[in-house]
Amino acid sequence: MRFAIVRFPGTWSDRDCHHVLHNVLGQEADILWHRETSLSGYDAVVLPGGFSYGDYLRCGAIARFSPIMESVIAFAEAGRPVIGICNGFQVLCESHLLPGALMRNDSLEFRCEWIHLRREGASTPWADGIASGQVLNVPISHNDGNYFADDATLDELESSGRVIFRYCDERGDVTPAANPNGSVRNIAGIINARGNVLGMMPHPERAGETIVGGTDGNLIWQSIIEHALQTAS
C-alpha cells in the first residue's frame, strides 16, 4: 500500500507517520509538500499533526487553501481513504470533509499525555480491525482538541455510527475525568458519511513501537492495510 503524507509549513508529525508506516509496517510512504497537486498512484492520504502555518488564524484554516487540498478533497469525495490526525483533523473540519470544529482545550492548557480511547460506531476501513468496545492506549498532544458541533450534528453523528473513538478510562468507561480537553460527548474521532474519511485528535503514529510506550496505534494503520488487501484480492 502506498501512502501520501502531506507536509504543510509547520507540520511536525509527518516523519513520525512515515517512520511507522514505512519502517515499522513495511508500507510505501512519501512525504508530499503542500504545493503538490497530484495524488496519482497513492492508495491513502495522511494529514498529520503539527501547527500548519503556525496556527496563526484558526488551526487548519490556512492549510485548507493549500494547493494539495483540492486533490485531497477530490480523493475523499471519490471514496478513497483519508485520515487527519490532530492538526489534520482540524484541516478536515475546515475543509468541510468532516463536520464540527476543534476549539481551545477547556483547561486552556496544552495537553501532552497518554489517554485511552474506546472503539465505537459503524464500519470504516480505518478501524474495522478493532473490535467494538476495545480500548486503545495512545498519546495526545494538542492545544485545540476540544471537539464541538451543534446538537443536531452530534445527534446525526451518534445515530449513524460516525463517532468512532471516544475518550474513556482504562476500563472503557466514558467519564468526564477521562476527557482530556472538554470535547463534547467525549468525542475523540469521527468519520464522514461514507466512512472513508477519519479525523482523530490522538496520535496513532506515536504509539507504533514498544520502546515509545505501546503499539495500539498500529491497529488503525493495520486496519486500512488489511482493507486494501481485501479490496485488491
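Read the figures in this text as sums done on the coordinates, not as results from a lab. Because the structure is predicted, anything quoted here is derived from the model rather than measured. Backbone-built Cβ (ideal geometry, glycine too); neighbour counts: all protein chains shown.
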Subject >> Alpha-carbon centroids, the stretch 164-232 and the stretch 36-87: separation in whole Å >> reply: 19 Å
Original post:
With Cβ to Cβ distances under 10 Å as the rule, what net charge do the other residues near Val138 carry (K, R +1; D, E -1)?
Top reply: -1
Original post:
Using unit Cβ charges (K, R positive; D, E negative) and no other charged atoms, how large, in debye to the nearest 20, is the dipole of the chain about its Cα centre?
Top reply: 240 debye
**OP:** Evaluate the distance, in nm, between pseudo-label points positioned 7 Å from the Cα of Ser107 and of Trp33 along their respective Cα→Cβ axes.
**Re:** 3.8 nm
Original post:
What value, in deg cm²/dmol to 500, does the helix sum -39500 (n - 2.57) over DSSP H runs of n ≥ 4 give at 222 nm once divided by the residues of the chain?
Top reply: -6000 deg cm²/dmol
Original post:
Fully extended, how many nm does the chain gain between Leu25 and Phe65 (0.36 nm per residue separation, minus their Cα-Cα distance)?
Top reply: 11.3 nm
Subject >> Most mobile of Phe51, Phe89, Phe110 in a GNM of the chain (Cα contacts under 10 Å) >> reply: Phe110
Original post:
With contacts defined as alpha carbon pairs under 8 Å and 6 or more residues apart, what's the relative contact order of the stretch 18-81 in percent?
Top reply: 35 percent
Subject >> Loop sites in the stretch 130-223: GluC sites (Glu not before Pro), DSSP, at most 14 other Cβ within 10 Å >> reply: Glu170
Original post:
With springs only between Cα atoms under 10 Å, which of Leu97, Leu39, Leu117 fluctuates most in a Gaussian network model of the chain?
Top reply: Leu39
Original post:
Scaled to the compact-protein estimate 2.2 N^0.38 Å, what is the alpha-carbon radius of gyration of the chain, rounded to two decimal places?
Top reply: 0.91
**OP:** Express as a percent, rounded to the nearest 5, the fraction of DSSP beta bridges in the chain (both residues included) that run antiparallel.
**Re:** 60 percent
Subject >> Linear extension gain, Phe148 paired with Asp173, 0.36 nm per residue minus alpha-carbon span >> reply: 6.9 nm
Original post:
Tell me, what is the percent relative contact order of the stretch 36-146, built from C-alpha pairs under 8 Å that lie six or more residues apart?
Top reply: 25 percent
Original post:
For the stretch 1-130, what does the alpha-carbon gyration tensor say about shape, rounded, prolate or oblate, given a ≥ b ≥ c as the root eigenvalues, a/c under 1.5 as rounded, and a/b over b/c as prolate?
Top reply: rounded
Original post:
Given the Cα-Cα distance of His96 and Ser159 and 0.36 nm per residue of separation, how much length would full extension add, in nm?
Top reply: 20.7 nm
Subject >> Rel. contact order, % - alpha carbon contacts under 8 angstrom, at least six apart, the stretch 2-232 >> reply: 19 percent
Original post:
Applying 1/(1 + (r/R0)^6) with R0 = 30 Å to the Cβ-Cβ distance of Ile211 and Arg2, what FRET efficiency is obtained, to the nearest 0.05?
Top reply: 0.70
**OP:** Would you please state which residues of the stretch 139-179 a label at Trp12 would reach in this model, taking the label point 7 Å out along Cα→Cβ and a backbone N cut-off of under 17 Å?
**Re:** 139-145
Subject >> Sparsely packed GluC sites (Glu not before Pro) within the stretch 68-123, loop by DSSP, other Cβ within 10 Å at most 16 >> reply: Glu109
